[in-house]
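The values are calculated or read from the model by the stated rules, or taken from the named source; none is laboratory data. Computed from a predicted structure; not experimentally measured. Positions of Cβ are backbone-derived with ideal geometry, glycine not excepted, and every protein chain shown enters the neighbour counts. The protein model used for the area step is the full one, side chains on, heavy atoms only, and it has no ligands, DNA or RNA in it. Shrake-Rupley method; radii C 1.70, N 1.55, O 1.52, S 1.80 Å.
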Amino acid sequence: MPPIAQRPRGTQDLLPADQPYWAAMSGTAKDLAERFGYLPIETPTFEATELFVRAVGEASDIVSKEMFTFKDRGDRSLTLRPEGTAPIVRAYFDAGMQLEPQPVRLYYLGPYFRSERPQRGRYHEFRQFGIEAIGDASPLLDIEAIVLGWKWFGGLDVGGIQLQLNSIGDEVCRPAYRQLLRDYYRPHLAELSVESRMRFEKNPLRLFDSKEPQDQELKQKAPRIVDHLCQPCAQAFQAVKDGLAAEEIPFSLNPELVRGLDYYTRTVFEYQHERLGGAQNALGGGGRYDGLAAALGYRATPGIGFAIGLDRTAMVLKERKPLAPPPPDVWALAVDPKDELYVFHLAGTLRERGLRVVVDPGAARLDAKLRKAAKRGARVALLVGPEERERGEAVVRDMRLKTQVSVAEREVVPTVTQTLSAG
Ligand code: HAM
């Protein structure tokens, strides 16, 4: 019979050999976020579909073609979360966090779901590390978010990150700019790609996202939002640029960076990586979303945050430096299977000292078992043969020096500890 099922398209198994990368990414995230005063939050993996439609925007790629949406038994439409910001803003108000001292700083690690065509660095299920600071419009929080993300990549020693920065204005200056952009493009509609023509109608800012060759020339000459910011937006943008310069974080201004989610206002940014070409070159991105709470029906409340794609970062990390799962300290085995409970007991006394101890079960030739221990990288082997068992002893073998001593049961812990620290 063939196996019952295969791994679903666009998903990954994160195997033991992958885990050291994931442990490094989440460990660095927790440590760094907490040092900046961000606290962990987890929200459900699915939410009411309407939450994402309203937050991310009906015309966005995410909502129009990438959501995993299903009905529950009560005929309510639910969606596997494609992103984390809208759920966190919902949770902020659900939990009454608007009544706490502001801003509320939150961070999260977890799986997200988008039904994009799978390819290298693009999955149906992927994981993010993200932060959100909600309840304060100060550009200092934009700087803080960008610096935190930058330091996360630095802490993991991911080189080759390019930070791209833009401001896309707010509801004061953007409507007039949108008009200007439409006026610019209107005489050229026939020259545009089909997708760009749709964007012209629904969200002209996203015309800058086009990768179609036929759109490039018009795009290059199009009016740029940074030249049309209102005074408060321009001031905030200047403060962010000054802050990053003061922190010595290198960035490039990219007037074409508009991001694919509708909730952004003012600062938007992306961490891109040279090695991930094409559409998948963003390792992470974020920005300010001062209009999001109101769009969801809550009191107007500013916010800023980012999310970093961990699957993509893991790809870069793997190419950069190999990490291996920690080897066991001790490989414990009985020559005769009837002694293995005794060995299991000895292993327990070693584990109580915090050591990693693997008990190798069942009958096999001693040399085969020792080869297995060496292959797994164990530093010490603990062996019990019939004579040792009779005398209440065990053999402690230094796997590196290939020397061994026979010791009484009560000497097992000190001898193993000594052998481990001698290396
Ligand atoms: P985003 O740019 O849509 O932003 O996603 C952030 C990161 O998630 C991307 O840069 C990418 O590394 C990763 N990512 C996205 N889609 C996929 C995929 N299909 N497969 C693998 N990785 C993927 C957001 O999600 C916003 N919520 C960020 C944010 C937080 N803005 C403000 N606060």
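Annotations
- GNM remark for the chain: springs join alpha carbons under 10 Å apart, and the peak mean-square fluctuation among Ile161, Ile304, Ile131 falls on Ile161.
- Accessible area, probe 1.4 Å, largest first, for residues Leu39, Leu141: Leu39, Leu141
- Net charge over other residues, Cβ less than 15 angstrom from the Cβ of Arg90 (K, R count +1; D, E count -1): -3
- Taking Lys and Arg as +1 and Asp and Glu as -1, the other residues whose beta-carbon sits under 9 Å from that of Ala59 total -1.
- When the inverse distances between all different Cα atoms of segment 208-255 are averaged and flipped, the Kirkwood radius reads 12.8 angstrom.
- Solvent-accessible area per residue in the chain equals 49 Å², computed with a 1.4 angstrom probe and all protein chains kept.
- Working note: 222 nm ellipticity from helices only, DSSP H runs with n ≥ 4, each -39,500 (n - 2.57), summed and divided by the residues of the chain, gives -11000 deg cm²/dmol to the nearest 500.
- Bridging of Lys65 to lysines at a Cα separation below 16 Å is possible for Lys202, once same-chain residues fewer than 8 apart are set aside.
- Cα extents for segment 34-95 along the principal axes, largest to smallest and rounded to whole angstrom: 41, 27, 17.
- Segment 152-221 - Rg (one decimal) and Dmax (whole number), Cα, Å: 16.0, 50
- Measuring how big segment 320-382 is from its alpha-carbon positions, Rg and Dmax come out at 12.6, 47 Å.
- For segment 357-423, diffusion coefficient by Stokes-Einstein and Kirkwood Rh (Cα), 20 °C, 1.002 mPa s, µm²/s: 174
- In order along segment 206-222, the Karplus-derived 3J(HN,Hα) couplings, from 6.51 cos²θ - 1.76 cosθ + 1.60 at θ = phi - 60°, round to 6, 4, 6, 7, 5, 9, 5, x, 5, 8, 5, 5, 4, 4, 4, 9, 5 Hz, and Gly and Pro are given as x.
- Surface accessible to a 1.4 Å probe, Arg400 within the full protein complex, Å²: 150
- Packing-based order for 333-340, 14-21, using average beta carbon neighbours within 10 Å, highest first: 333-340, 14-21
- Note on segment 243-329: Rg/Rh from C-alpha atoms, Kirkwood Rh, equals 1.10.
- In Hz, Karplus ³J(HN,Hα) per residue of segment 115-126 (6.51, -1.76, 1.60; θ = phi - 60°; x = Gly, Pro): 8, 8, 4, x, 7, 3, x, 10, 10, 6, 10, 9
- Computed over segment 119-195, the percent of Cα pairs more than 17 Å apart is 71.
- Neighbours of Ala295 by Cβ distance under 11 Å: Lys/Arg scored +1, Asp/Glu scored -1, total -2.
- Length-normalised contact order of segment 59-148 in % [C-alpha pairs under 8 Å, at least 6 apart]: 26
- Contact order relative to length of segment 210-349, as percent, for alpha carbon pairs under 8 angstrom and 6 or more apart: 12
- Within the accessible area of the chain (1.4 Å probe), percent carbon and sulfur: 53
- For the chain, the cysteines with no partner cysteine C-beta closer than 4.7 Å are Cys233.
- Long-range tail of P(r) for the chain (Cα pairs > 41 Å, %): 34
- Amide H within-cut-off set for Phe68, under 5 Å, with H built and near neighbours excluded: Leu80, Ser115
- Karplus-derived 3J(HN,Hα), 6.51/-1.76/1.60, for each residue of segment 392-406, Hz, glycine and proline x: x, 10, 8, 9, 9, 10, 7, 5, 7, 7, 6, 10, 8, 10, 9
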